[in-house]
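Report on the following structure.
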Amino acid sequence: QGTRDHAPAQAALRERLLSAVVSCFKRHGAAAIDTPVLELRETLMGKYGEETKLIYELQDQGGELLALRYDLTVPFARYLAMNKVTNMKRYHVAKVYRRDNPATTRGRYREFYQCDFDIAGQFDPMIPDAECLKIVHEILSDLQLGDFVIKVNDRRILNGVFAVCGVPESKFIPACSTVDKLDKVPWEEVRSEMVGEKGLSPEAADRIGEYVQLHGGLDLIERLLQDPKLSQNKLAKEGLGDMKLLFEYLTLFGITGKISFDLSLARGLDYYTGVIFEAVLLQQENEHVEEAVSVGSVAGGGRYDGLVGMFDPKGRKVPCVGVSIGIERIFSILEQRLEASGEKLRTTETQVLVTTPHKHMLAARLKLISELWDAGIKAEMLYKKDPKLLKQLQYCEDTGIPLAAIVGEQELADGVVKLRDVATREEVRM
């Protein structure tokens, strides 16, 4: 089916993960919004390039053509246009749906969560874009997933490369989706797809290859700004100028050590118009290997200045930049680590189990647990009239509940409760 059920331990891990991501979004001043799972089919069509074939299409009883949302970006753009919002910093955590071939070991599903952060509005260049990259850096550092790199590029630079290499404008988008495969397949395969399937000339493909295999930092940006062909292309020049500015801001944020300007990064979606980025986890295969190996993309995003205008009757544009955290991939990685470590994850946040050592004391437990709940304390009790004390304490150990509140006949007579630390077995009367 490509969807999955979650056992309590998995659900608890997911909740922790989502909570860490959301607290980062809130720290940056984003407000939460929500959009419907169902959109009109026409809202989603034509926005995702070759990925359009993965949209789940539906038809209701009245014959209206609907679709399940494919991501959270297009519904956000539709929301901005419908509500005439021109300025917003938002986050959205929700499920999206893709009619894909699931690969559950790699965290690829047909129904999965996305965690998006977006900044919409007319601002000075690259300041919001730099903040999106800072957020990715913060989240991946906080989650301690290991070494990572955030690749950045710009659609304008890519289109400039295609133009100076002799690619007709009508083939920019198909060429882009082919270049996007470079992280998965070698250049030879990408080249043969460009020539064989996308109809580019072998000479154009070779010239593209000279550019798209480059990656580096500010030095590479400077070098390309001096490139005799690229510097003559208006789009590429704009893109490189902004990329230089972006790197200046990222230097001030102190994160350029994890950023790579990578000309092979294309991101397959049609709606990107400027800066694009993707975060990739790296994994040392063994200590003898110098080169770190990528274990897949865990975040991605970019600038999409034209998308809101597509939904506005008057075509009014709202510039936007955003990032999506690949929570399923990250979840799969953390889940595997947890299994490997053998560590047990608490599935509830219960602080105290209300227990009794004698028979006929259910009333005392019910009264005490009610007081604790009313005081905002997370408490549980066993659903038996007369459970044995040993069984109650064993339940604490099995589920990781740290405290047991014991109320017996003596405690009732003295008006006290015995509080027991389950781990150390120390007891205090209070």
For this session: For region 400-411, state whether one or more residues are assigned to a helix (DSSP H, G or I) and surrounded by fewer than 16 Cβ atoms within 10 Å (Cβ to Cβ).
Result: yes
For this session: Could you name every one of the strands (runs of 3 or more DSSP E) located completely within region 78-163 that has at least 1 residues being at negative phi and not assigned by the TED database to the domain that holds R27?
Result: none
Seminar exercise, completed: Per the filter on region 412-430, residues out of contact with any helix residue (DSSP H, G or I) (no Cβ under 9 Å at 6 or more places or on another chain), outside any loop (DSSP other than H, G, I, E, B) and open to solvent by 50 Å² or more (accessible area, probe 1.4 Å) are A413, D414, D421, E427, V428
Exercise. Can you name the residue in region 316-331 that is assigned to a strand (DSSP E or B) and open to solvent by less than 20 Å² (accessible area, probe 1.4 Å) and is also nearest to M88 (Cα to Cα) among such residues?
Worked result: C320
For this session: Starting from region 248-266, take each residue that is more than 25 Å from D180 (Cα to Cα) and list its partners that are surrounded by 14 or more Cβ atoms within 10 Å (Cβ to Cβ) and aliphatic (A, V, I, L, M), counting only C-beta distances under 8 angstrom and pairs at least six apart or across chains.
Result: Y249/M126; Y249/A130; F253/A130; F253/L133
Exercise. In region 11-35, which residues are open to solvent by 70 Å² or more (accessible area, probe 1.4 Å) and either of a type in the set (K, R) or in contact with a Pro (Cβ under 9 Å, 6 or more places away or on another chain) (or both)?
Worked result: R16, K26, R27
Exercise. Hey, among Y383, Y395, which residue is surrounded by 17 or more Cβ atoms within 10 Å (Cβ to Cβ), of a type in the set (S, T, Y) and out of contact with any helix residue (DSSP H, G or I) (no Cβ under 9 Å at 6 or more places or on another chain)?
Worked result: Y395
Exercise. R90 passes all but one of (1) open to solvent by 60 Å² or more (accessible area, probe 1.4 Å); (2) closer than 27 Å to E138 by Cβ; (3) charged (D, E, K, R); (4) touching a residue at least 24 places away in the same chain (Cβ under 8 Å); which number fails?
Worked result: (1)
For this session: Can you tell me which residue among K26, K53 is part of a helix (DSSP H, G or I), among the basic types (K, R) and closer than 30 Å to L140 by Cβ?
Result: K26
For this session: Among the residues of region 1-10, count how many are part of a helix (DSSP H, G or I) and surrounded by fewer than 13 Cβ atoms within 10 Å (Cβ to Cβ).
Result: 1
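Here's the yes/no breakdown for (1) open to solvent by less than 20 Å² (accessible area, probe 1.4 Å); (2) out of contact with any Ser or Thr (no Cβ under 7 Å at 6 or more places or on another chain); (3) in a helix (DSSP H, G or I); (4) not acidic (D, E):
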| position | (1), (2), (3), (4) |
| --- | --- |
| D219 | no, yes, yes, no |
| D227 | no, yes, no, no |
| E238 | no, yes, yes, no |
| G241 | no, yes, yes, yes |
| L246 | yes, yes, yes, yes |
| L252 | no, yes, yes, yes |
| F261 | yes, yes, no, yes |
| L265 | yes, yes, no, yes |
Exercise. Could you give every pair whose Cβ atoms fall below 7 Å, whose first residue belongs to region 317-341 and is over 22 Å from Y97 (Cα atoms), and whose second residue is hydroxyl-bearing (S, T, Y), counting only separations of at least 6 or pairs across chains?
Worked result: V318/T86; C320/Y304
Exercise. Which condition does P313 not pass, out of (1) in contact (Cβ under 8 Å) with a residue 12 or more places away in the chain; (2) open to solvent by 40 Å² or more (accessible area, probe 1.4 Å), if it passes all the others?
Worked result: (1)
For this session: Search region 127-155 for residues being open to solvent by 10 Å² or more (accessible area, probe 1.4 Å) and acidic (D, E), and hand back the single one that is nearest to L246 (Cα to Cα).
Result: E131
Seminar exercise, completed: If you go through G196, G217, the only one that is in contact with a strand residue (DSSP E or B) (Cβ under 9 Å, 6 or more places away or on another chain) and at negative phi is G217
For this session: Assess whether L334 counts as being over 30 Å from S141 (Cβ atoms), open to solvent by less than 90 Å² (accessible area, probe 1.4 Å) and either assigned by the TED database to the domain that holds L145 or modelled with pLDDT of 95 or more (or both).
Result: no
For this session: Just need a number here: residues in region 93-126 that are among the charged types (D, E, K, R) and either open to solvent by less than 20 Å² (accessible area, probe 1.4 Å) or more than 17 Å from the chain's Cα centre (by Cα) (or both).
Result: 5
For this session: With the checklist (1) free of Cβ contacts under 8 Å to residues at least 12 places away in the same chain; (2) under 25 Å from the mean Cα position of the chain (by Cα) in hand, flag the one item V179 doesn't pass.
Result: (1)
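The values are calculated or read from the model by the stated rules, or taken from the named source; none is laboratory data. Note that the structure is predicted; figures quoted are calculated from it, not measured. Note: ideal-geometry Cβ built from the backbone for every residue, glycine included; neighbour counts use all protein chains shown. We work out accessible area using only protein heavy atoms, side chains counted, and drop any ligands, DNA or RNA first. Shrake-Rupley method; radii C 1.70, N 1.55, O 1.52, S 1.80 Å.
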